[in-house]
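As C-alpha cells, the structure follows; a few thoughts come after it.
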Amino acid sequence: MTKIVFIEHDGKEHVVDASPGTSIMQAAINNLVPGIEADCGGLCACATCHGYVDSAWLDKIAPKSRGEADLLANASNVQANSRLTCQIPIKPELEGIVIRLPKSQY
C-alpha cells in the first residue's frame, strides 16, 4: 500500500492507503475524500478530479498527456502544478505524495 495525503482547500487532511496500479483519483473515491467528483469515472474526459500536486512530487510523476492538458485548459482554478488525479497511477515511489484539492471542481 502507498500512503497519499489529500488536503482540502480549507486545510483538512485525509491520509489514505492505496493499492499500486490504481489511480490517485480512485484512492480518493475509495476513501470518500471530499473534493474529487470524478464524473467520468477516470476516463480523462471531464476534469472533475483536478488536484494540485505538491511541488516536491512533480518530478516523480509522468508529464501531462496532450488530452489531460487540453482538459485542464478549461478547468477552474488551474495552477502550474494542476493535474487530473485519474492520470496519476499509484506506485510505491509515491509514498506520502501530497495532493491539494481546489475549492471547487467547477
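The values are calculated or read from the model by the stated rules, or taken from the named source; none is laboratory data. Model, not experiment: these values are computed from the prediction. Heads up, the Cβs are rebuilt from the backbone with ideal geometry, glycines too, and the neighbour counts pull from every protein chain shown.
A few remarks follow.
- Residues in the range 34-60 that are assigned to a loop (DSSP other than H, G, I, E, B), modelled with pLDDT of 95 or more and in contact with a helix residue (DSSP H, G or I) (Cβ under 8 Å, 6 or more places away or on another chain): 1 in all.
- Residue check, GLN87 within 15 Å of MET25 (Cβ to Cβ), of a type outside the set (Phe, Trp, Tyr), modelled with pLDDT of 95 or more and surrounded by 12 or more Cβ atoms within 10 Å (Cβ to Cβ): yes
- Near pairs, Cβ below 6 angstrom, 6+ apart or cross-chain, from the range 29-40 (over 18 Å from ASN77 (Cα atoms)) to any residue that is of a type in the set (Val, Ile, Thr): ASN31/VAL16
- Within the range 1-29, the set of residues being touching a Ser or Thr at 6+ places or on another chain (Cβ under 8 Å), among the polar types (S, T, N, Q) and not in a strand (DSSP E or B) comprises just one member, SER19.
- Within the range 18-33, the set of residues being in contact with a helix residue (DSSP H, G or I) (Cβ under 7 Å, 6 or more places away or on another chain) and among the hydrophobic types (A, V, I, L, M, F, W, C) comprises ALA18, ILE24, MET25, ALA28.
- The range 49-66, subset more than 10 Å from the chain's Cα centre (by Cα) and surrounded by 12 or more Cβ atoms within 10 Å (Cβ to Cβ), residue nearest to ARG83 (Cα to Cα): LYS64
- Taking first residues from the range 65-87 that are touching a residue at least 40 places away in the same chain (Cβ under 8 Å) and partners that are of a type in the set (S, T, N, Q) and exposed (fewer than 14 other Cβ atoms within 10 Å of the Cβ), the Cβ contacts under 9 Å between residues at least 6 apart in sequence or on separate chains come to GLN87/SER65.
- When the range 63-106 is filtered for residues that are farther than 24 Å from VAL15 by Cα and either of a type in the set (Gly, Ala, Ser) or part of a strand (DSSP E or B) (or both), the ones remaining, listed by number, are SER65, GLY67, ALA69, ALA73, ALA75, SER76.
- Residue list for the range 13-31, restricted to those being touching a Gly at 6+ places or on another chain (Cβ under 8 Å) and either closer than 11 Å to LYS3 by Cα or at pLDDT below 95 (or both): ILE24
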